[in-house]
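Since the structure comes first, as structure tokens, the remarks are kept for the end.
The values are calculated or read from the model by the stated rules, or taken from the named source; none is laboratory data. Everything numeric in this text was worked out from a predicted model, so none of it was measured. So basically every Cβ, Gly included, is an ideal-geometry build from the backbone, and we count neighbours across all protein chains shown. Surface accessibility is based on the protein's heavy atoms, side chains included, excluding ligands, DNA and RNA. Shrake-Rupley method; radii C 1.70, N 1.55, O 1.52, S 1.80 Å.
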Amino acid sequence: MARLFGTDGVRGLANADLSPELATAVSASAAGVLAEHARAGGRRGASGSRPLAVVGRDPRASGEMLEAAVTAGLSAAGADVLRVGVLPTPGVAYLTGEFDADLGVMISASHNPMPDNGIKLFAAGGHKLPDALEDEIEAHVRAGDATPRPTGHDIGRVRDVPDALERYVAHLASATPTPLTGLHVVVDCAHGAASQAAPRAYAAAGARVTALHADPDGWNINDGVGSTHMDVLTRAVVAESADLGIAHDGDADRCLAVAADGTVVDGDQILAILALDMHERGELAADTLVVTVMSNLGLHLAMADAGVALRTTAVGDRYVLEELRSGSFSLGGEQSGHVVLPAHATTGDGLLTALRLMARVAHTGRPLGDLAAVMTRLPQVLVNVPVADKAAVGASTEVADAVAAAEAELAGRGRVLLRPSGTEQLVRVMVEAPTQVVAGQVADRLAGLVSSVR
């Protein structure tokens, strides 16, 4: 039986894979499990003996239905609920800590298309749940009616938080080190959770803001816009003669950027810029940056030149978060634009990332394109190879020998990574090399071998 929780919560086609019944069961089980752990740890949250949950969502249409189901599940399990409405995922995480809640729930499928939706859970303090806790919640869900159902005065109460957005924007303002006065930014909100928050936060910091795709109607989220479709933003930045552009995904936990000439600045480059900024300020703990195995080799080389050490994790912001917490590091993230600044956020925060990036531009007086030139991206080719058996590929000595031969061929000027998909019968073949042609040739050769393994 497939695991209910994926790399970022429970996700699937809304009203099919992710039904209201499942949403109710997950939220009720989460309330019961987390309340039990809180009691065992002697924790008394804002509601005393009753669990308290914060619930937010992105603006996709199915979020309205799932919000009702999640709220019903939580209150039926005896948890009080604070509904914060449409808010970025990091805003929900922040308010979970701010309200001293036992649980946070974000209803979003992030960058996925509108028909999908998902449920992301946060523990007390706004931290993502470890695998073991997710497994415990899943066991309760599969057990059916294992979660107790209180009655009478013990049923949870529900109330709205009308100033949730203002609280989150004020928090972002407190984490922005330099006013953005004089900067003109174009922001693509993906018709998502950033549609109100991002323009308001950037303007509050002093920037002149041109907002794109900030009119969600429930159906248009991520529809050819946002951080997975950068072409519209690149054209707008050039047409507006803006200093830079910022692109968010549907729940605004990631950020990509565009320089004044329309060049895309990816997550690795953003991490390089922020790492150097924090290194200069003395804020980069242990002079260490946490990244995933998919980060470009150019980032590794640039950080080595700057005297910044790298810690590398598996793909997924949850693994970056775990490494940040275990080593008390202060910056980490992914090439996709998930960036975590633990001093100010417990999860990836696209708006916070953008504000810190723009503050670096304002502080130095240098264009974003110049700052991004601190690292040179090596050409990277990624091939998704359908396979009959991922485990057989991993155990193949022929594949291992071919990878070793390819790495010897690149001789330190590139690298090879084979990674099985966590959800499909696919093996991802990634090759970096000095030229796109060489990267493509090596990737195609390895992909052909991988596909032949039986």
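Can you find even one residue in segment 414-435 that is of a type in the set (Val, Ile, Thr), under 29 Å from ARG208 (Cβ atoms) and within 22 Å of the chain's Cα centre (by Cα)?
no
Per-residue answers, yes or no, for (1) touching a Phe, Trp or Tyr at 6+ places or on another chain (Cβ under 6 Å); (2) touching a residue at least 12 places away in the same chain (Cβ under 8 Å):
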{"site": "PRO115", "(1), (2)": "no, yes"}
{"site": "HIS127", "(1), (2)": "no, yes"}
{"site": "GLU134", "(1), (2)": "yes, yes"}
{"site": "ALA139", "(1), (2)": "no, no"}
{"site": "ASP154", "(1), (2)": "no, yes"}
{"site": "ARG159", "(1), (2)": "no, yes"}
{"site": "VAL169", "(1), (2)": "no, yes"}
{"site": "ALA175", "(1), (2)": "no, yes"}
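Of the residues GLY365, GLY350, GLY369, which single one is crowded, with 24+ Cβ neighbours inside 10 Å and either farther than 20 Å from LEU284 by Cβ or small (Gly, Ala, Ser) (or both)?
GLY350
Does segment 440-454 contain any residue that is in contact (Cβ under 8 Å) with a residue 60 or more places away in the chain, open to solvent by 60 Å² or more (accessible area, probe 1.4 Å), farther than 18 Å from ALA314 by Cα and over 31 Å from the mean Cα position of the chain (by Cα)?
Yes, the conditions are met somewhere in segment 440-454.
Select the strands (runs of 3 or more DSSP E) contained entirely in segment 235-324, then report the ones holding at least 1 residues which are small (Gly, Ala, Ser) and closer than 22 Å to LEU355 by Cβ.
Output list reads 244-248, 255-259.
Go through segment 57-71 and give me each residue that's in contact with a Ser or Thr (Cβ under 8 Å, 6 or more places away or on another chain) and of a type in the set (Gly, Ala, Ser).
Of everything in segment 57-71, those that are in contact with a Ser or Thr (Cβ under 8 Å, 6 or more places away or on another chain) and of a type in the set (Gly, Ala, Ser) turn out to be GLY63, ALA69.
Mind checking which residues of segment 1-51 are modelled with pLDDT under 90, open to solvent by less than 50 Å² (accessible area, probe 1.4 Å) and of a type in the set (Gly, Ala, Ser)?
Matches in segment 1-51: GLY6, GLY9, GLY32, ALA35, ALA38, GLY45, SER47, GLY48.
Residues checked against (1) surrounded by fewer than 22 Cβ atoms within 10 Å (Cβ to Cβ); (2) at pLDDT below 95; (3) within 19 Å of the chain's Cα centre (by Cα):
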position	(1), (2), (3)
LEU180	no, no, no
VAL186	no, no, no
ALA197	no, no, yes
ALA203	yes, no, no
ASN220	yes, no, no
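Can you name the residue in segment 223-234 that is part of a loop (DSSP other than H, G, I, E, B) and hydrophobic (A, V, I, L, M, F, W, C) and is also most open to solvent (accessible area, probe 1.4 Å) among such residues?
Here the answer is MET230.
Of everything in segment 384-398 that's more than 32 Å from the chain's Cα centre (by Cα) and part of a helix (DSSP H, G or I), which residue is surrounded by the fewest Cβ atoms within 10 Å (Cβ to Cβ)?
THR397
Would it be correct to say that LEU378 is modelled with pLDDT of 95 or more, under 28 Å from the mean Cα position of the chain (by Cα) and either acidic (Asp, Glu) or surrounded by 18 or more Cβ atoms within 10 Å (Cβ to Cβ) (or both)?
no
Restricting the search to segment 227-250, which residues are within 21 Å of the chain's Cα centre (by Cα) and either under 20 Å from LEU271 (Cβ atoms) or of a type in the set (A, V, I, L, M) (or both)?
Across segment 227-250, the qualifying residues are SER227, THR228, MET230, LEU233, GLY245, ILE246, ALA247, HIS248, ASP249.
Could you please find all residues in segment 122-140 being of a type in the set (A, V, I, L, M) and surrounded by fewer than 24 Cβ atoms within 10 Å (Cβ to Cβ)?
The answer is ALA123, ALA124, LEU129, ALA132, LEU133, ALA139.
In segment 294-326, what residues are open to solvent by less than 30 Å² (accessible area, probe 1.4 Å) and more than 25 Å from PRO379 (Cα to Cα)?
Correct list: ARG318, LEU321, LEU324.
Restricting to segment 414-439, name every residue that is open to solvent by 70 Å² or more (accessible area, probe 1.4 Å) and out of contact with any strand residue (DSSP E or B) (no Cβ under 9 Å at 6 or more places or on another chain).
VAL437
Does VAL84 satisfy being under 12 Å from ASP251 (Cα atoms) and at pLDDT 95 or above?
Taking the combined requirement at face value, the residue does not satisfy it.
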